[in-house]
Amino acid sequence: MAMKVYGDGMSACVARVLLCLHEKETEFELVPVDLFACHHKLPSFLSMNPFGQVPVLQDDDLTLFESRAITAYIADKHKDKGTDLTRHADAKETAIVKLWSEVESHHFNPAVSAVIHQLIVVPLQGEKSPDAAIVEENLEKLGKVLDVYEERLGKTKYLAGDSYTLADLHHVPYIYYFMKTSHAGLVNDRPNVKAWWEDLCSRPAFLKVSPGLTIAPVTN
Amino acid sequence: MAGIKVFGHPASTATRRVLIALHEKKLDFELVHIDLKDGEHKKEPFLSRNPFGKIPAFEDGDFKLFESRAITQYIAHEYADKGNQLLSPGSKNMAILAMGMEIEAHEFDSVASKLGWEQIFKNFFGLTTDQAVVKEEEVKLGKVLDNYEARLGESKYLACDHFTLVDLHHIPVIQYLLGTPTKKLFDERPHVSAWVADITSRPSSQKILL
């Protein structure tokens, strides 16, 4: 039976999992969860993920949540097909992939998601305006992270080395949304980061997932 | 000289995460003290070890890493046959482990670290605890611990029936919070309370305390 992913393709965290499934050429079923109607907070959903967040993966009797745990599981289960996303054959290479995945998780994600939250999510909720101070503070943090990436990507084609891995994949949905804001210059002004992003968003797996990334930012 | 070195500070929660893993694996290592007050972590040569300027950094012979949870995972896999088992064999068990580590990183640590910062580390720098932030973060932590209480009612440890990296990653921040009023959140949930007593009394958890 095909894996089931509960969520909506417009969610960056769901898109992370969908990208991985396509890179691994794995069949799956996307089970819609109506986020605007808060179906992810209903008891039927909470019984799968008590933290009330998408995505959730079901594979036979295994239920998983946390997008980066799901991608790690898919990459491991299907390590012999599709793109090698974890460099599983070499323990030290695997550790380097994990290192740059942690960097995305702890350095890149907090800054970029704070900006996306203010410029995309807050306007959708309709009650208040984006907080300019939060946007500015996090753009500064994001700039410093991208400075490190600029130097790194001057030495290696991808973050963890010379092949595309989960460390790169995990960035893709939020960078896609970020590039729709008026702050895309943070990427475009850094030539190595820009070239890396253009590579990531030209991959066939991305071209299958991007039509689902439908929400748009306030343009300011 | 070859061997394992950790570049960090003995009071740092992220450094302690790595030290506990090394003790669990009964590995010899050297802790190279990085002077945070002097900003040593924001200058060369440390920046060549971690361009984000954060402790700890790590080396095993000529293999170099940073990010505490990448380091602990490397230790657990590379030295799988030594000391205590920190992983759980099989693809599905490893998936549950990965999920538990993500929950610690994204749901638990973001809140617990703020509580540690407000109530303990701010005092080191002569700053005042913001009680409004403490109250707000304690509400969030309570909700996370409610989920942990349910999980620990079914399973002795968070990922499975033995101690793993998932439990280990929590220890340093919990140890600090037990010295603050936030301790009550752990005490008032019986399964969480028993789990906290268990993981903080392990010999490796005791060894890293100053």
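Since every read-out is calculated from the coordinates, none of them should be taken as a lab result. This structure is a prediction, so every number in the text was calculated from the model and none was measured. Here the Cβ is made from the backbone with ideal geometry for all residues, glycine too, and neighbour counts use every protein chain on show.
Structure summary
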| item | result |
| --- | --- |
| Residue order, fewest to most surrounding Cβ atoms within 10 angstrom, among A:S105, A:S202 | A:S202, A:S105 |
| Eligible lysines near A:K81 by straight Cα distance, threshold 17 Å, same-chain separation 8 or greater | A:K24 |
| Sequence of B:M99, A:M1, A:M179 once ranked by neighbouring C-beta atoms within 10 Å, starting from the fewest | A:M1, A:M179, B:M99 |
| Reachable lysines, given that their alpha-carbon falls under 19 Å from the alpha-carbon of B:K25 and they are not under 8 places away in the same chain | A:K92, B:K5, B:K64, B:K82, B:K207 |
| Label point at B:L210 placed 7 Å out along Cα→Cβ; residues across the stretch B:22-50 whose backbone nitrogen lies under 16 Å | B:31-40 |
| Total charge dipole magnitude, chain A, about the Cα centre, Cβ charges on Lys, Arg, Asp, Glu only, Debye to nearest 20 | 140 |
| Residues A:H117 and A:D60, FRET efficiency given R0 of 30 Å [Cβ-Cβ distance, rounded to 0.05] | 0.30 |
| Net dipole in debye of the protein assembly as shown [+1 Lys, Arg Cβ; -1 Asp, Glu Cβ; about Cα centre; nearest 20] | 380 |
| Net length gained if the chain between A:H88 and A:T156 were fully extended (0.36 nm per residue, minus Cα distance) | 22.6 nm |
| At most 16 other Cβ within 10 Å, DSSP loop - GluC sites (Glu not before Pro), the stretch A:130-181 | none |
| Antiparallel bridges, percent of DSSP beta bridges restricted to the protein assembly as shown (to nearest 5) | 65 |
| As computed over chain B, the Cα convex hull volume per residue (Å³) | 122 |
| Packing-based exposure ordering (other Cβ within 10 Å, fewest first) of A:L213, B:L209 | B:L209, A:L213 |
| Candidates per GluC sites (Glu not before Pro) in the stretch A:22-78, loop by DSSP, up to 14 other Cβ within 10 Å | A:E25, A:E27 |
| Bins of 10 Å, starting at 0 and running to the largest distance - Cα pair percent for the stretch B:91-208 | 13, 46, 32, 8, 1 |
| In the stretch A:5-57, the chymotrypsin sites (Phe, Trp or Tyr not before Pro) that fall in loop regions by DSSP, at most 13 other Cβ within 10 Å | A:F36 |
| Whichever lysines have a C-alpha closer than 17 Å to that of B:K37, once near sequence neighbours (fewer than 8 apart) are set aside | B:K54, B:K122 |
| Estimated 222 nm signal from helices in the protein assembly as shown, with DSSP H stretches of n ≥ 4 weighted -39500 (n - 2.57), rounded to 500 | -14000 deg cm²/dmol |
| Simple Cβ-charge dipole of chain B, Lys/Arg +1 and Asp/Glu -1, about Cα centre, in debye nearest 20 | 180 |
| Rough spin-label spacing in nm, given labels placed 7 Å along Cα→Cβ, for A:L35 and A:S202 | 2.9 |
| Space enclosed by the convex hull of the alpha-carbon atoms of the stretch B:4-79, per residue, Å³ | 78 |
| Spacing of the two label points (7 Å from each Cα toward its C-beta) at A:L42 and B:A11, in nm | 5.1 |
| Near-label residues of the stretch A:23-41 by backbone N, under 18 Å of a point 7 Å along Cα→Cβ of A:K81 | A:23-30 |
| Solvent-free Debye scattering, log10 I(q)/I(0), computed from the Cα coordinates of the protein assembly as shown at q = 0.09, 0.12, 0.14 Å⁻¹ | -0.57, -1.09, -1.58 |
| Shielding of A:93-106 by partner chains, average beta-carbon count, 10 Å | 6 |
